[in-house]
C-alpha cells in the first residue's frame, strides 16, 4: 500500500529550507542570544530527517551525496583541532579568543575562535544524529 | 631555535602522512622517505652536542592544561641527549636496514607508521619533564611495540607475544602512574626537575617508599628485569629490524632511563640501592645462563639483551650509593659505576644492534635461525661473519672492541662496591663481583656459541631451504656502520666520555659540583689489576665451559618445566579470564530490564546515599515563589500523561504520551525564561520521537507481559525509589551549598569570553574541555550504533572472527 503523502512532500520542500535557515541562524546567533552549536546542529539534523521521511533514502542520497559518518568525523576533528591550534600559538590547550573587526558589509563584527569549535560540535551532532537514524531505518 | 618539542611531534606528523604517501608513491620503497625523519632529527640533535657538553640545558614549555599542572615541557640535558641520539641514530640505521629486509609486498604503510609512532613516543619519554606527559608517551611506546610485534598478525605466536609484552609493560606502567601521582601528592609538582630539587624534604614521608617501589615496577617491567623478563623472548616474533630497534637499542632502555632519571630523587636510599643492584645482578645472571641453551639465534640474543640490561641496571644501583655518602673525594669513586652504566648503554646499542642485524641477514637469506641447522657460513658470507665476530667479541668483553672497556669498568665497580662501608656492604658486598664474574662467564660462552655454531664448523646445506649466499649490500651497510662505532669507541673512548657522558653525569648527580671530576679517563690498558684478572678468568673458564658444553648442558634439564615464570604468567592469564567470565555471566543476563534495574539501583544508592549522608535533604519551601495557575495546569497535564502511559495499549500511544511529557517540560522552560533549554528540549523531543517511531517499525506487537509478582515488586520499589530520590533532590537543591558557586562565570562572561549568551560561553569556552570530550563520546556512540547495526555478523556466517 502506498501512502498518499503529496501534502507532506510539498510542505517539506518549502519547510526544509526554512528549517535549514533557522538552524544556521541559531548556530550563528548562539554567541549572544539563544542558539549555539549543539542546538543548531540538532535543528539541521531534524531538517535532514524530515527530508528522508518525506521521500525515500535513495533519491535524497542522489541529490545530497553526503556521507554523514564523514560529516561527524570531520566535526570531531575540527572541534579537537581547534584545541591543538591554540597550542601552536603558545597558549594553553583549547584557549578561545575573540576580537572585533570592521568588515565592509557587516560593519563592526565580533569574530571568535569559539565559532570554529562550535562549528565542529554542530557538524558532529548533525552527522551522528543522521547516521543513527539512517542506520536504524535501513536495517533489514 | 630548534625546539625539542618539535623533535617529538615531527615523527607523529609524518606517521599520520605515511599511509597517504604510500598510496601515491609506487616507484620507490617508502622507507627511503621515512628514513629522512630520524636523520634530520639526528643532525639537529647532534648540532646541540657542543652546547650540551659545555653544561647548557634546553628547557621549553608549552602550556597544555595548566589548571591540572600538565604541561608539554621538554628538557634536553646530557642524559636525554644520549637517548635522543640513540633513538634517532639507531633509528636511521634500522630503517635503512628494513628497506632491504621487508619486501614491498608487506603492508609497509602500517610498518613505518608504527615505527614513527614509536620513535616519537620514545623521544617523548626521554625529553619530557612533566611526569604525566612522560607517562602518556611511556604507554604509547608499549602500544606501538604491541603493534610492531604483532606486525605479522596472521601468526599465533606473534599475537601472543604482543599480548604478553603489552600486558606486562602496561601493568608496570600503571604502577608507575600511581607512583607519579604519589610524587605529586608529596611534592606538589609533576616536573622532574622541581622534584629533584625538593625531594630531600620528603624522604621521611610515608609515601616515599611506596612511590619508589611503584616507579621501580614501571622501570623493571619495561626493561625486562627479573622476573618480568619473560615478555622479551616472546617479543622476538617481531620482524628483526623491530627487534634490533625496540627490543635491544631503545624501548627496553626506557626503564634504564627512568632509573637514571630518578637516581637523584630516590638514590641514596638503602631500598633503592639494594633493589636496583640486586635485581639487576639477578637479571644479568639469569639472562646469560638461559641464553646458553637457546637453539634459536634470536632467542639467544633476547636472553643476552635481558642479561645486558641487568648489567646496566645493577651498575646504576651501585652508582646510587654515592648519593648516600654525599659529595666528597671518597664518593667520586662510586659514581664511576653510573659512568660505566651509561657507557655500556651506548656500547650495548652498537654491538647488539649489529648482532640483531646479523641474525636478520641469516634468517632472511637462509630461511632459518636455528643453530642446529647452521654452520660453516664464514666462507660464503664473509662480511656477515666479520660483523658477527666484531659484535660477538665486543659483547663477550674482549679487546679491541668497546665492550671490553665497559666490561672492565663494570668489574672495577663491583670490586669497588665490596669495599664500601655503608649498607652493611662489608659483609654482603662480596656477592657483587662474584655474581658479575659468573654471569660474564656465561656471557662469554653464548658469544662463542653465537659465532662458532653459526659461522664455523661444517656447513650443512642439506638442512637449508636456500643456497648459502652473502646478503645484498644494502643490508650490510647499517651493521657495518655500527661495527665502525664498536671499534672506533675502543680507540677514542674519551671523545665519547667528554662530549656525551660527562654532561649526563651532571644530570644524574646534579649536586656533585663539576661534572669533569666525575668523568674518568678511559684506558684500555690499566695494569694487572683485579678487573683484568677477572676478564682473563672469564676467557679461560668460558673457553673451557664451551669446550665441555655437551657434558654440562644436561644441567638445564634439572629445572622444572612446570614451575617457570612463563607457566605462572599463563596460569594467571587463564584464571583471570575464567574469573572474569564467571563474574560477568553472573550479572549479564541478556535482559534489558535487569540492566535498567542495575542502573536505577545504582542511581538511588549513590545519589540518594551521598545526599543523605552529607545531610543535604533539607527542604525549605518558605523562600520559593508562589505557584501560578498555569503552572499547576501544566503539572496536572504531565501527571495525567505519565499515569496514562502505564495503561497505554500500543507503542505509538505510549510514545505520544511521552512526547506530551517532553513538550510540557519545554513549556516550563519557556515560563521560567530559559529559551535555550526550551529550544533544545523541543528539538531533542522531536528527533527522539521520530527515532522511537522508526524503531517501533521493527518491533513486534506490544503484548501484555505476564511477570512474576517478585519482578513486579522489584520494579515497583525501584521506580518509586527513583521518583522519590529525584523529587528530594529537586526540592533540596536550592538549599545545597556544599559546592563552589559558578556564578562568577556568567557575571563576567561578556568580558571574559566576548559572548552575551552565558550558556554557550560556558559550553564553548570555560568548560570547553568537557564539550570537546562530549562531542568525541557522541561520535563514538554514533559509530558504535552504526557498526552494531550495519556490520554485525549475519546469522549464516558464524565463523566470523571476533
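The values are calculated or read from the model by the stated rules, or taken from the named source; none is laboratory data. Just so you know, these numbers come straight off a predicted model, no measurement behind them. All Cβ positions, even for glycine, are placed from backbone atoms using ideal geometry, and neighbour counts span all protein chains on display.
Tabulated results
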item	result
Criterion: more than 14 Å from every other protein chain (Cβ to nearest Cβ) and either farther than 23 Å from residue B:785 by Cα or in a helix (DSSP H, G or I) (or both) - qualifying residue of B:677, B:694, B:682, B:656	B:656
Residue match in the stretch B:383-400 (condition: outside any loop (DSSP other than H, G, I, E, B), touching a residue at least 40 places away in the same chain (Cβ under 8 Å) and within 22 Å of residue B:520 (Cβ to Cβ))	yes
Test for residue B:263: is it buried (at least 23 other Cβ atoms within 10 Å of the Cβ), closer than 25 Å to residue B:89 by Cα and either free of Cβ contacts under 8 Å to residues at least 24 places away in the same chain or in the same structural domain as residue B:440 (by TED's automatic domain parsing) (or both)	no
Condition met for residue A:112 (crowded, with 17+ Cβ neighbours inside 10 Å, at pLDDT below 80 and either more than 21 Å from residue B:768 (Cα to Cα) or at the interface with chain B (Cβ under 7 Å from one of its Cβ atoms) (or both))	yes
Top-ranked residue of the stretch B:590-618 - restricted to ones that are part of a loop (DSSP other than H, G, I, E, B) and exposed (fewer than 12 other Cβ atoms within 10 Å of the Cβ), ranked as modelled with the lowest pLDDT	B:618
Conditions (1) under 56 Å from the mean Cα position of the chain (by Cα); (2) loosely packed, with under 11 Cβ neighbours inside 10 Å; (3) in a helix (DSSP H, G or I); number of the one not met by residue B:632	(1)
Residue within the stretch B:489-497 that is buried (at least 18 other Cβ atoms within 10 Å of the Cβ), at pLDDT 90 or above and under 33 Å from the mean Cα position of the chain (by Cα) present	yes
Residue identified as on the phi < 0 side of the Ramachandran plot, under 37 Å from the mean Cα position of the chain (by Cα) and more than 7 Å from chain A (Cβ to nearest Cβ) among B:784, B:764, B:768	B:784
All positions within the stretch B:135-169 that are in contact with a helix residue (DSSP H, G or I) (Cβ under 7 Å, 6 or more places away or on another chain) and either free of Cβ contacts under 8 Å to residues at least 12 places away in the same chain or not in a helix (DSSP H, G or I) (or both)	B:150, B:151, B:152, B:153, B:155
Hits in the stretch B:723-767 (condition: buried (at least 19 other Cβ atoms within 10 Å of the Cβ) and at pLDDT 80 or above)	B:725
Verdict on residue B:241 being buried (at least 24 other Cβ atoms within 10 Å of the Cβ) and over 17 Å from the mean Cα position of the chain (by Cα)	yes
Flag for residue B:672 being surrounded by fewer than 17 Cβ atoms within 10 Å (Cβ to Cβ), without any contact (Cβ under 8 Å) to a residue 24 or more places away in the chain and within 30 Å of residue A:127 (Cα to Cα)	no
Test: residue in the stretch B:3-21 that is modelled with pLDDT under 90 and outside any helix (DSSP H, G or I)	yes
Within the stretch A:23-41, tally of residues that are surrounded by fewer than 23 Cβ atoms within 10 Å (Cβ to Cβ), at the interface with chain B (Cβ under 10 Å from one of its Cβ atoms) and in a helix (DSSP H, G or I)	1
Filter result (surrounded by 11 or more Cβ atoms within 10 Å (Cβ to Cβ) and in a helix (DSSP H, G or I)) within the stretch B:553-565	B:553, B:555, B:556, B:565
All helices (runs of 4 or more DSSP H) inside the stretch B:267-358 with 2 or more residues being under 24 Å from residue B:483 (Cα atoms)	B:270-291, B:297-319
Single match in B:506, B:543, B:524 (criterion: outside any helix (DSSP H, G or I) and touching a residue at least 60 places away in the same chain (Cβ under 8 Å))	B:524
Hey, residue B:292 closer than 30 Å to residue B:498 by Cβ and either crowded, with 22+ Cβ neighbours inside 10 Å or outside the structural domain of residue B:164 (by TED's automatic domain parsing) (or both) or not	no
Options B:88, B:74; residue that is under 21 Å from the mean Cα position of the chain (by Cα), within 30 Å of residue B:768 (Cβ to Cβ) and either assigned by TED's automatic domain parsing to the domain that holds residue B:348 or crowded, with 22+ Cβ neighbours inside 10 Å (or both)	B:74
Tally, over the stretch B:446-459, of residues that are part of a helix (DSSP H, G or I) and more than 33 Å from the chain's Cα centre (by Cα)	7
